[in-house]
Amino acid sequence: YELIGFAQSLSAQIIALAIVAPIVFFLARALMYAQIRLSGVRITPTQFPEAYRMVVEAAEAAGLRRVPDAYVMLGNGQINAFAAGHGHRRFIAVYSDLFEIGGAARDPEALRFIIGHEVGHIAAGHVPYFRLLGLSLFNQIPVLGNILSRAQEYTADNFGYRFCPQGARGQIKVLAAGKYLNADVNFDEFADRAVYERGLFTWLANLGMTHPANTW
């Protein structure tokens with residue numbers, strides 16, 4: 001009887017979680033989008049016009065019917081960007097510390113590649129609600145969730161490369177060394193390390209990553 005009672009209790013908890021989790025996930029996405037709209041700088045024809053042209057051209061190259069909204073968010077030192085959505089809206093956000101590489105004195109082609117990458121996530125169908133909900137559940141499975149995440153990143157990289165192949169090297173350099181040292185990175189020497197950065201523990205480290213390893 002105790003075992004039956006435990007099974008019933010566990011089943012009730014699973015059912016409750018299955019009902020509550022999608023609602024919580026929906027509300028979390030809605031709030032995140034609202035916060036970005038309230039605090040981020042929207043990229044428009046008159047606000048960061050060069051970046052806006054990149055977004056429009058990336059959307060056209062990816063075959064999107066609508067140009068996604070795009071925002072610059074305060075990075076506080078983080079080198080990051082992401083694509084997301086809420087309802088029928090799709091948007092990308094680039095952290096300010098990463099967005100700064102788009103200046104003429106740095107590497108605008110790298111920013112172009114990154115925008116193409118994030119638009120690629122939208123074009124590949126990585127941001128719809130049920131896709132992300134399923135991915136969040138899949139992430140509870142050790143290793144497999146990371147494999148799927150890396151696969152999506154490689155797919156988005158393919159979009160970025162097709163859109164702006166000349167920005168691929170710069171994108172790797174800024175992700176590896178940041179927005180100030182990126183210009184000093186010897187890309188060929190860095191890439192050559194993929195030949196000998198091998199072994200059991202590098203393989204295990206890669207399994208724990210949600211994004212592709214820079215050297216690989």
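The values are calculated or read from the model by the stated rules, or taken from the named source; none is laboratory data. These numbers were taken from a predicted model, which means no experiment stands behind them. Quick reminder, even Gly has a Cβ in these numbers, built from the backbone with ideal geometry, and neighbours come from all protein chains shown. Ligands, DNA and RNA are excluded from the accessible area calculation, which covers all protein heavy atoms including side chains. Shrake-Rupley method; radii C 1.70, N 1.55, O 1.52, S 1.80 Å.
Scanning segment 133-156 for residues that are in a helix (DSSP H, G or I) and either open to solvent by 40 Å² or more (accessible area, probe 1.4 Å) or of a type in the set (F, W, Y) (or both) turns up L137, F138, L144, I147, L148, A151, Y154, T155.
One residue stands out in segment 81-122 among those that are more than 20 Å from G170 (Cβ to Cβ) and open to solvent by 30 Å² or more (accessible area, probe 1.4 Å): the one that is modelled with the highest pLDDT, namely R90. In segment 16-64, of all residues being on the phi < 0 side of the Ramachandran plot and among the aromatic types (F, W, Y), the one that is surrounded by the fewest Cβ atoms within 10 Å (Cβ to Cβ) corresponds to F26.
When segment 188-204 is filtered for residues that are hydrophobic (A, V, I, L, M, F, W, C) and either under 14 Å from A151 (Cα atoms) or open to solvent by less than 50 Å² (accessible area, probe 1.4 Å) (or both), the ones remaining, listed by number, are F190, A191, A194.
Condition check ((1) acidic (D, E); (2) within 26 Å of E60 (Cα to Cα); (3) without any contact (Cβ under 8 Å) to a residue 60 or more places away in the chain) across all residues:
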{"site": "E153", "(1), (2), (3)": "yes, yes, yes"}
{"site": "Y161", "(1), (2), (3)": "no, yes, yes"}
{"site": "Q166", "(1), (2), (3)": "no, yes, yes"}
{"site": "R169", "(1), (2), (3)": "no, yes, yes"}
{"site": "A177", "(1), (2), (3)": "no, no, yes"}
{"site": "D188", "(1), (2), (3)": "yes, no, yes"}
{"site": "A194", "(1), (2), (3)": "no, no, yes"}
{"site": "L204", "(1), (2), (3)": "no, no, yes"}
{"site": "L207", "(1), (2), (3)": "no, no, no"}
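For segment 58-81, residues that are under 19 Å from the mean Cα position of the chain (by Cα) and acidic (D, E) total 1. In summary, G178 fulfils each of the numbered conditions (1) surrounded by fewer than 19 Cβ atoms within 10 Å (Cβ to Cβ); (2) on the phi < 0 side of the Ramachandran plot with the single exception of condition (2).
For (1) at pLDDT below 90; (2) among the polar types (S, T, N, Q); (3) in contact with an Asp or Glu (Cβ under 7 Å, 6 or more places away or on another chain), each residue gets a yes or a no:
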position	(1), (2), (3)
G178	no, no, no
N186	no, yes, no
A205	no, no, no
M209	no, no, no
P212	no, no, yes
